Amino acid sequence: MPGLEDLYREIILDHYRSPRNKGELPSPPAVKAEGFNPLCGDEIIVYLIVSSGGVVEDIKISGQGCSISQSSASMMSSSVKGKATSEARDLVKTFKRLMSIHEHEIAATGDSASGIATTSASAAYIHDDEADEEAVDLSKLGDLAALQGVVKFPVRIKCATLSWNTLLQALDEAEAST
Amino acid sequence: MEMSEKRINPDDFRRDFPILSVKENGKRLVYLDSAASSQHPVKVLAAMESYYETSHANVHRGVYKLAEDATAMFESARVAAGRFIGAPDPAREIIFTKNATESLNLVSHSWGRKNLSAGDVIVLTEMEHHANLVPWLMLAEEKGLELRYIPVDSEWELDLTNLDALLEGAKLVCVTLASNVLGTLNPVSLIADAAHAKGALVVADGAQFVPHLPCDVTEIGCDFLAYTGHKMLGPTGIGVLWAKASILEAMPPFLGGGEMILDVRVDGFTPNEIPWKFEAGTPPIAEAIGLAAAIEYLQDIGMDRIREHEMKLTRYALGELEGQFGEKITVYGPPDPTKRSGAISFSVQGVHPHDISQVLDEDGVCIRAGHHCAKPLMRKLQTAATARASLYLYNDQDDIDALVGALDKTLKLFSF
Ligand SMILES: Cc1ncc(COP(=O)(O)O)c(C=O)c1O
């Protein structure tokens, strides 16, 4: 059984306690995207300003959620700020590969009455899938690599990916409007 | 009676539940999530297994002995499910569904579609579970109905000050007997009197009440009551809807298919008698039999005694939580155990409920974290989620102590 220390790494708790880039940006000019996790009611709002040159000029995060969703959002914001949108998209891909899941698996945990318990069957499913993926270069991820322990807690994967999916939405919107 | 007197110790109940004696990492399972779904005593498991081993056939169809046996068992489960809630005519007034949610949807689809039209008013409460809310929102959208809400006050109870005004022109009132979040027990009989005086019918959601307290539909005075098997030691896949026979008779069928008809022609059909009119297709037979075994188990102990045990344990739990964590914890729900069930929602300063539940799991303590399918209430509480520990007959003070110990650990891990 995976231990809590795999999940609650000090760096994660640090981002949770002192989230980076927390706040709001006036919209417009910022685009605003909202993401929800129906399982636990987590909510992430991403405010994004993309320059005409395609660079993430500013990003702010608001909303509320658990330590995993909040710290992941905080790390996400620091890692994409100042990057080209194409780099930001690459990072989303890399991060989601680290979480070693595909969209349809994220969708599998819905608004159920069954609590947050998960089965070892779903864990095995995710691990099987992992074998098909190329290895993730953790050194590229910096602090974000600390989140890899989340994979051992399948119900929490959705918490970790929430802000990233919301970022994608914001990027799509920003790029559609330029 | 003598037998039930002996069985006052929850340790004795625990022994009846195989899952509670399984140890994970040498730790006993501390199951505090019965409001989401309860565990099963051997009696229920054995009843279902024995049915499959000796008596399975489709019901209401075969003329052979086996099919007759299965039908008799299924129909006697119906009567048990009715007697358990004091149904005046249990053989005709109990409809088996797959859960409480389906029971409530049956009311909205059948009774609601027929009897409500644009501008009609339904009165709900701010503490409804989505199961007693979304079906009415759907119907309101379809028909252009007006929905009004009885508010929740600062004592976590329904504020009935403006009840008469809210009920003005109402055709239906939908209210939960016990809140799955706050634990609040609502004065449904009082509301039903007021509703009837205005000509409205009353739908009571008993999902969190029927498993824990003595229940009598005549005393409550509701017109419909829904409950669900898996929260009362029974299997999943079985729910109950009770309604007065006269109301059921006037309602159109719900789903169409086999079972629910007397005759079918190429140009039409004649619906079956109640209750079968509302049971299309092969029903959950083994699940109904499992539910009947659960009811028998609960009745052998006595609902009064179960209530008493849960009240004592709730008092202990509330005292321990406040005593150990004081300002750091917020309990959402009435402090008086006589006014509430054993579903205890709380939040802890600086720690998200999801994280609480995760850390508790390390110690084998299972609690629920989330919005508990009551998002409007969560908005009212100004939170996205709470943690909830919920009690049942098999829980004891050791479980509460384990909860408190694990919460202490959580606070230390997240201390700022
Ligand atoms: C108050 C209340 N009503 C209805 C339900 C729905 O029960 P089921 O999911 O079995 O349909 C629940 C279950 O969570 C509940 O707590």
- When restricted to B:Ile329, B:Ile400, the only residue touching a Ser or Thr at 6+ places or on another chain (Cβ under 8 Å) and more than 10 Å from every other protein chain (Cβ to nearest Cβ) is B:Ile329
- Taking B:Leu393, is it open to solvent by less than 10 Å² (accessible area, probe 1.4 Å) and either in contact (Cβ under 8 Å) with a residue 40 or more places away in the chain or within 16 Å of the ligand (Cβ to nearest atom) (or both)? yes
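Condition check ((1) in contact with a strand residue (DSSP E or B) (Cβ under 8 Å, 6 or more places away or on another chain); (2) away from the ligand (no atom under 16 Å from the Cβ)) across all residues:
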| site | (1), (2) |
| --- | --- |
| B:Asp12 | no, yes |
| B:Val22 | no, yes |
| B:Gly26 | no, yes |
| B:Ser38 | no, no |
| B:Ser50 | no, yes |
| B:Leu66 | no, yes |
| B:Glu75 | no, yes |
| B:Gly82 | yes, yes |
| B:Ile85 | yes, no |
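Output the residues belonging to the stretch A:3-35 that are part of a loop (DSSP other than H, G, I, E, B) and facing another protein chain (nearest Cβ under 10 Å).
A:Gly3, A:Tyr8, A:Ser18
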- Taking the stated definitions as given, is B:Asp399 part of a helix (DSSP H, G or I) and either open to solvent by less than 10 Å² (accessible area, probe 1.4 Å) or under 19 Å from A:Leu39 (Cβ atoms) (or both)? yes
- Just checking, how many residues over the stretch B:380-397 are more than 12 Å from chain A (Cβ to nearest Cβ) and under 15 Å from B:Ser347 (Cα atoms)? 1
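Take the stretch B:255-286 and flag every residue that is among the polar types (S, T, N, Q) and closer than 16 Å to B:Ile238 by Cβ.
Across the stretch B:255-286, the qualifying residue is only B:Thr282.
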- Flagged pairs (Cβ under 9 angstrom, 6 or more apart or on separate chains; first in the stretch B:131-147, away from the ligand (no atom under 16 Å from the Cβ); second of a type in the set (Lys, Arg)) are B:Leu139/B:Arg113; B:Glu142/B:Arg113; B:Lys143/B:Arg113; B:Leu145/B:Lys171
- Task: Among the residues of the stretch B:148-190, write down those that are of a type in the set (A, V, I, L, M, F, W, C) and either within 14 Å of chain A (Cβ to nearest Cβ) or more than 16 Å from the ligand (Cβ to nearest atom) (or both).
- Result: B:Leu160, B:Leu163, B:Ala165, B:Leu166, B:Leu167, B:Ala170, B:Leu172, B:Val181, B:Leu190
- Item | Residue selected from the stretch B:354-365 under the condition touching a residue at least 24 places away in the same chain (Cβ under 8 Å) and more than 7 Å from every other protein chain (Cβ to nearest Cβ), by the criterion surrounded by the most Cβ atoms within 10 Å (Cβ to Cβ) | B:Ile356
- Message: I need the full set of residues from the stretch A:90-113 which are under 13 Å from the mean Cα position of the chain (by Cα) and either within 16 Å of the ligand (Cβ to nearest atom) or modelled with pLDDT of 95 or more (or both), in order please.
- Response: none
- Query: Scanning for something aliphatic (A, V, I, L, M), loosely packed, with under 15 Cβ neighbours inside 10 Å and within 27 Å of the chain's Cα centre (by Cα), does the stretch B:43-58 turn up at least one residue?
  - Reply: yes
- Would the stretch B:332-346 turn up any residue that is within 12 Å of chain A (Cβ to nearest Cβ) and either touching a Cys at 6+ places or on another chain (Cβ under 8 Å) or surrounded by fewer than 24 Cβ atoms within 10 Å (Cβ to Cβ) (or both)? no
- Note on the structure: Listed by first then second residue, the pairs whose first member lies in the stretch B:31-53 and is within 14 Å of another protein chain (Cβ to nearest Cβ), whose partner is more than 11 Å from the ligand (Cβ to nearest atom) and assigned to a helix (DSSP H, G or I), with beta carbons under 8 Å and at least 6 positions apart or on separate chains, are B:Tyr31/B:Ile19; B:Tyr31/B:Leu20; B:Tyr31/B:Asp399; B:Leu32/B:Asp399; B:Leu32/B:Leu403; B:Gln39/B:Ile19; B:Gln39/B:Leu20
- Looking only at the stretch B:99-113, decide whether some residue is away from the ligand (no atom under 14 Å from the Cβ), open to solvent by less than 10 Å² (accessible area, probe 1.4 Å) and among the charged types (D, E, K, R). no
- Considering only strands (runs of 3 or more DSSP E) fully contained in the stretch B:162-273, which possess at least 1 residues that are open to solvent by 10 Å² or more (accessible area, probe 1.4 Å)? B:170-176, B:201-205, B:261-265, B:268-271
- Message: I'm told B:Gly206 meets every condition in (1) closer than 15 Å to B:Ala36 by Cβ; (2) within 11 Å of the ligand (Cβ to nearest atom); (3) more than 14 Å from every other protein chain (Cβ to nearest Cβ) except one. Can you identify the failing condition by its number?
- Response: (1)
- Any residue in the stretch B:370-379 that is free of Cβ contacts under 8 Å to residues at least 24 places away in the same chain, within 14 Å of another protein chain (Cβ to nearest Cβ) and part of a loop (DSSP other than H, G, I, E, B)? yes
- Query: Does the stretch A:70-82 contain at least one residue that is away from every other protein chain (no Cβ under 14 Å), closer than 15 Å to A:Tyr16 by Cα and outside any helix (DSSP H, G or I)?
  - Reply: no
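The values are calculated or read from the model by the stated rules, or taken from the named source; none is laboratory data. From a predicted model like this one, the values you see are computed outputs, not experimental measurements. Positions of Cβ are generated from backbone atoms using ideal geometry, with glycine treated the same way; all protein chains shown enter the neighbour counts. Each accessible area value is taken on the protein alone, full model and side chains, heavy atoms only, with ligands, DNA and RNA left out. Shrake-Rupley method; radii C 1.70, N 1.55, O 1.52, S 1.80 Å.
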